[in-house]
Amino acid sequence: MIKNIVLFFVMLVILASCAPKEKLISRGWKFKDVDMGPAKDSSAVAFHEMARQQMLTNILVSMESDSSYAIRQLKEGRVIRGKWWFSADKKQLFFSTDLGLTQAEVLKLTSKQLVYRAKDPSGQPVTMWFVPTEPKGSK
């Protein structure tokens, strides 16, 4: 009997720790870092650093549970809105706006970090790291 009770609690803990990805991603996110791959020359190095600083200081992303999202450009007061969704296996994340569709490979998604890899307009891989803007439930 005790063995069954212990097994039940172990299973309960495992299930509770496996939060659905939709629930994990539904929050505010801010950029922590970005890797745009190796720069080919000094002007590319300067562009990469300028883009990185812009993302770190000027962008907030809000992923909502209804599959909508908003990218806020703080300095410009601009908001880009769209829809997001996961592939059936939850390994790909899709973003859609009036500007088009972006597909990203989810490398890590926890309550403390989102990491994905997508391709920039030239086809080069870009890896982005995000952290929550505030802990879930702190509002």
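Overview of results
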{"item": "Where a residue in segment 80-92 is of a type in the set (D, E, K, R) and its partner, wherever it lies, is assigned to a loop (DSSP other than H, G, I, E, B) and surrounded by 12 or more Cβ atoms within 10 Å (Cβ to Cβ), with Cβ under 6 Å and at least six apart", "result": "83/67"}
{"item": "Selected residue (criterion: surrounded by the fewest Cβ atoms within 10 Å (Cβ to Cβ)) from residues of segment 39-67 that are closer than 25 Å to residue 23 by Cα and charged (D, E, K, R)", "result": "66"}
{"item": "Residue in segment 49-65 that is at negative phi, assigned to a loop (DSSP other than H, G, I, E, B) and at pLDDT 90 or above present", "result": "yes"}
{"item": "Any hit, segment 107-126, residues being at pLDDT below 90, surrounded by fewer than 11 Cβ atoms within 10 Å (Cβ to Cβ), at positive phi and more than 12 Å from the chain's Cα centre (by Cα)", "result": "yes"}
{"item": "In segment 36-48, residue farthest from residue 73 (Cα to Cα) [restricted to those that are among the aliphatic types (A, V, I, L, M) and not in a helix (DSSP H, G or I)]", "result": "39"}
{"item": "Those residues of segment 68-80 which are assigned to a loop (DSSP other than H, G, I, E, B) and touching a Ser or Thr at 6+ places or on another chain (Cβ under 9 Å), in sequence order", "result": "74, 75"}
{"item": "Which numbered condition residue 33 misses (of (1) within 12 Å of the chain's Cα centre (by Cα); (2) outside any loop (DSSP other than H, G, I, E, B); (3) free of Cβ contacts under 8 Å to residues at least 60 places away in the same chain; (4) exposed (fewer than 15 other Cβ atoms within 10 Å of the Cβ))", "result": "(3)"}
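Here is a yes/no grid of residues against (1) surrounded by fewer than 11 Cβ atoms within 10 Å (Cβ to Cβ); (2) under 15 Å from the mean Cα position of the chain (by Cα):
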| position | (1), (2) |
| --- | --- |
| 69 | no, yes |
| 76 | yes, no |
| 80 | no, no |
| 89 | yes, no |
| 95 | no, yes |
| 129 | no, yes |
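The values are calculated or read from the model by the stated rules, or taken from the named source; none is laboratory data. Because the structure is a prediction, the values reported are computed rather than measured. Virtual Cβ from ideal backbone geometry, glycine too; neighbours counted across all protein chains shown.
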